[in-house]
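Visitor: Pasting a structure below so you can have a look.
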Amino acid sequence: MNSRDLRTLQAQDAARLAAALPLSADTARIEVQMLLQRVLGVARSHLIAHSERVLSDTEEAAYQHFLQRRLGGEPVAYILGEREFFDLNLQVTPATLIPRPDTELLVELALERLPEQESYVLDMGTGSGAIALVIASRRTDAEVWACDISPAALAVARANAQRLEINNIKWVDSDWFSAFEGQSFDLIVSNPPYIAAGDCHLAQGDVRFEPVSALVAGADGLDDIRSIIAQAGAHLEKDGWLLLEHGYDQAAQVRALLQAAGFSAVFSAHDLAGIERCSGGQLW
């Protein structure tokens, strides 16, 4: 029978997580709390206010099931089936990438560049729908299109839109621009695969559990970015923007590709860690 109170449990299991995974002590504690919140159906404040509480045998069994999965490296987002992005609580599954804070920069750049009047936006490789859903929720006057080549990912995205009651998005099964012949947009945004095949990071952390097709793009990681940039000009209105997330060391290459494709006002933007995380250009 379990005899650890919540205070002891959190301290001991956070230490176990931090030792087993590349996590800081603070992150490990937060993750233990997230697992406990799901098992108990309570807010974080409850864990603090009732730190002397001891889990029942049933609660302990459910919690241990979650904890063992996390100790094995499975991302918390997949264990709980959700991840917050901006202020949206999104369903995620192993068919989609896990939305990350890094990508919030891409969304902010997109919102800054959307015309004030009614506009048309394309989110390419939408996954869970995170980028499209935030843009559509903040710009209800915009018509947002979102595509993915994975039917399973699109099913997750559609479910998120329905649950969040965001209705100004059209979901399309498409291999990049293949389903958009003759269509053009004011802004195209994408967080495409950009990791090189064989990159050592593919065997580390959360990405071990994420869909490889959403991560890897050829020998140098730029295959999909090249394809998007090469075709984007035919699908952008005059003065339209193309914005891309990319790897930490790819900004210069992406800028060169944009310039070679005839884009103007080419730039890169730094994330909170000071890394050039996103690049873009305008079609004049």
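The values are calculated or read from the model by the stated rules, or taken from the named source; none is laboratory data. Everything numeric in this text was worked out from a predicted model, so none of it was measured. Here Cβ is always computed from backbone atoms with ideal geometry, including for glycine, and neighbour counts include all displayed protein chains.
Visitor: Search region 78-90 for residues being within 25 Å of residue 212 (Cβ to Cβ) and in contact (Cβ under 8 Å) with a residue 60 or more places away in the chain, and hand back the single one that is surrounded by the fewest Cβ atoms within 10 Å (Cβ to Cβ).
Guide: Filtering region 78-90 for residues that are within 25 Å of residue 212 (Cβ to Cβ) and in contact (Cβ under 8 Å) with a residue 60 or more places away in the chain, the one surrounded by the fewest Cβ atoms within 10 Å (Cβ to Cβ) comes out as 78.
Visitor: Could you check region 165-185 and list, in sequence order, the residues that are over 17 Å from residue 134 (Cα atoms) and in a strand (DSSP E or B)?
Guide: 172, 173, 185, listed by residue number.
Quick grid of which residues meet (1) among the charged types (D, E, K, R); (2) within 19 Å of residue 278 (Cβ to Cβ):
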{"residue": "133", "(1), (2)": "no, yes"}
{"residue": "143", "(1), (2)": "yes, no"}
{"residue": "146", "(1), (2)": "no, yes"}
{"residue": "149", "(1), (2)": "no, no"}
{"residue": "152", "(1), (2)": "no, no"}
{"residue": "158", "(1), (2)": "yes, no"}
{"residue": "161", "(1), (2)": "no, no"}
{"residue": "180", "(1), (2)": "no, no"}
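Visitor: Looking at region 152-163, which of its residues are surrounded by fewer than 19 Cβ atoms within 10 Å (Cβ to Cβ) and under 17 Å from the mean Cα position of the chain (by Cα)?
Guide: Residues satisfying the conditions are 152, 155, 158, 159.
Each row is one residue, and each column tells you yes or no for (1) free of Cβ contacts under 8 Å to residues at least 12 places away in the same chain; (2) in the same structural domain as residue 190 (by TED's automatic domain parsing); (3) touching a Ser or Thr at 6+ places or on another chain (Cβ under 7 Å).
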position	(1), (2), (3)
92	no, yes, yes
112	yes, yes, no
136	no, yes, no
141	no, yes, no
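Visitor: Something else: Among the residues of region 9-27, write down those that are under 14 Å from residue 73 (Cα atoms) and either among the basic types (Lys, Arg) or in a loop (DSSP other than H, G, I, E, B) (or both).
Guide: Result: 16, 21, 22, 23.
Visitor: Ok, one more. Output yes when any residue across region 232-253 is in contact (Cβ under 8 Å) with a residue 40 or more places away in the chain, polar (S, T, N, Q) and touching an Asp or Glu at 6+ places or on another chain (Cβ under 9 Å), and no when none is.
Guide: Yes, because at least one residue in region 232-253 is in contact (Cβ under 8 Å) with a residue 40 or more places away in the chain, polar (S, T, N, Q) and touching an Asp or Glu at 6+ places or on another chain (Cβ under 9 Å).
Visitor: Within region 206-222, work out how many residues are assigned to a helix (DSSP H, G or I) and either under 24 Å from residue 284 (Cα atoms) or among the charged types (D, E, K, R) (or both).
Guide: The total comes to 2.
Visitor: Closer than 25 Å to residue 207 by Cα and modelled with pLDDT of 95 or more: does that describe residue 35?
Guide: When the stated conditions are applied, residue 35 passes them.
Visitor: Being buried (at least 16 other Cβ atoms within 10 Å of the Cβ) and either touching a strand residue (DSSP E or B) at 6+ places or on another chain (Cβ under 8 Å) or in the same structural domain as residue 95 (by TED's automatic domain parsing) (or both) is the filter here; which residues of region 33-69 pass it?
Guide: 53
Visitor: Conditions first: (1) more than 22 Å from residue 114 (Cβ to Cβ); (2) under 17 Å from the mean Cα position of the chain (by Cα). Residue 189 passes all but one, so which condition is the exception?
Guide: Answer for residue 189: the failing condition is (1).
Visitor: Within region 8-32, how many residues are surrounded by fewer than 18 Cβ atoms within 10 Å (Cβ to Cβ), within 22 Å of the chain's Cα centre (by Cα) and touching a residue at least 24 places away in the same chain (Cβ under 8 Å)?
Guide: 2
Visitor: Next up: Any chance region 223-242 includes a residue that's more than 17 Å from the chain's Cα centre (by Cα), in a loop (DSSP other than H, G, I, E, B) and buried (at least 16 other Cβ atoms within 10 Å of the Cβ)?
Guide: no
Visitor: Ok, one more. Having 1 or more residues that are under 12 Å from the mean Cα position of the chain (by Cα) is the bar; report the strands (runs of 3 or more DSSP E) wholly within region 67-142 that clear it.
Guide: 82-85, 88-91
Visitor: Here is a further query. Would you check which residues across region 251-278 are surrounded by 17 or more Cβ atoms within 10 Å (Cβ to Cβ) and in contact with a Gly (Cβ under 7 Å, 6 or more places away or on another chain) and list them?
Guide: Result: 258, 261, 263, 266.
Visitor: Can you find, within region 180-217, the residue that is surrounded by the fewest Cβ atoms within 10 Å (Cβ to Cβ) among those that are in contact (Cβ under 8 Å) with a residue 24 or more places away in the chain and either of a type in the set (D, E, K, R) or in the same structural domain as residue 23 (by TED's automatic domain parsing) (or both)?
Guide: Applying the filter and picking the extreme gives 208.
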